[in-house]
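In what follows, a structure is listed as structure tokens, so that the remarks can point back to it.
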Amino acid sequence: MDVVAAPIQGVLLIKPKIWGDARGYFVETWQQERYAAAGITLPFVQDNHSKSTYGVLRGLHFQKKRPQGKLINVSLGSIFDVVVDIRRDSPTFGQWYGVELCQNNQWQLWVAPGLAHGFVVTSETAHVHYKCTDFYCPEDEGAIRWDDPTLGIAWPVSNPKVSEKDAAADFFEMITEEPSGTNVPNC
């Protein structure tokens, strides 16, 4: 597999080897030793699977005190996947990175804990899978508006379908990374 460091520290674009022929293809989506060699050493505790149709935009989500690292891949269809650096002490704070993940390229995106993540579906349907390094905790969830003018994300879909919750998310300037402390939600 090829591993490419993205412009945001802690984000890796992983291009696994694909074995294919007229019958289809095979790709290894996780192998602990190989991924550890690439720097992904946190344990995964939860796997998620999302199915969405064209134009559905999910995000930009993060957890405040229990940040999740995520390894994202697409088994069917295509998405434009976006990461936003919300770590105040990071040299790339406020910057975003986007890449197309699809069934044809089988690329994966490693999103380190402490970053916001979202995607928009660019195919008729998409199945998105992601491994997480911490459990989902609704009480700890945060979100940034997908269309925040400060970030200026170049989404490839002009009128995405977003949830009411995502449409009402805070603007980037309103979010703050709360320090870890004693009031960590118990999920």
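The numbers here are math on the coordinates, done by the rules we state, and not lab data. Remember, it's a predicted structure, so these values are computed and weren't measured experimentally. Positions of Cβ are backbone-derived with ideal geometry, glycine not excepted, and every protein chain shown enters the neighbour counts.
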Based only on other Cβ atoms within 10 Å, what is the fewest-to-most ordering of GLU100, GLU139?
GLU139, GLU100
On a straight-distance basis, which lysines could pair with LYS17 in a cross-link, Cα separation under 30 angstrom, same-chain partners fewer than 8 positions away excluded?
LYS51, LYS70, LYS131
Indicate, rounded to the nearest 5 percent, the antiparallel portion of the DSSP beta bridges found entirely in the chain.
95
Just going by the charge dipole of the chain, with Lys and Arg at +1 and Asp and Glu at -1 on Cβ, which of GLN103, HIS61, VAL27 is farthest out on the positive end?
VAL27
Roughly how many whole Å is it from the C-alpha centroid of the range 106-123 to that of the range 142-168?
14
Give me the number: length gained by fully extending GLN31 to ALA154, i.e. 0.36 nm times residue separation minus the C-alpha to C-alpha distance, one decimal in nm.
41.0 nm
For ASP170, other-chain or 5+-apart residues with amide H closer than 5 Å (H placed, Pro excluded) are ALA143, ARG145
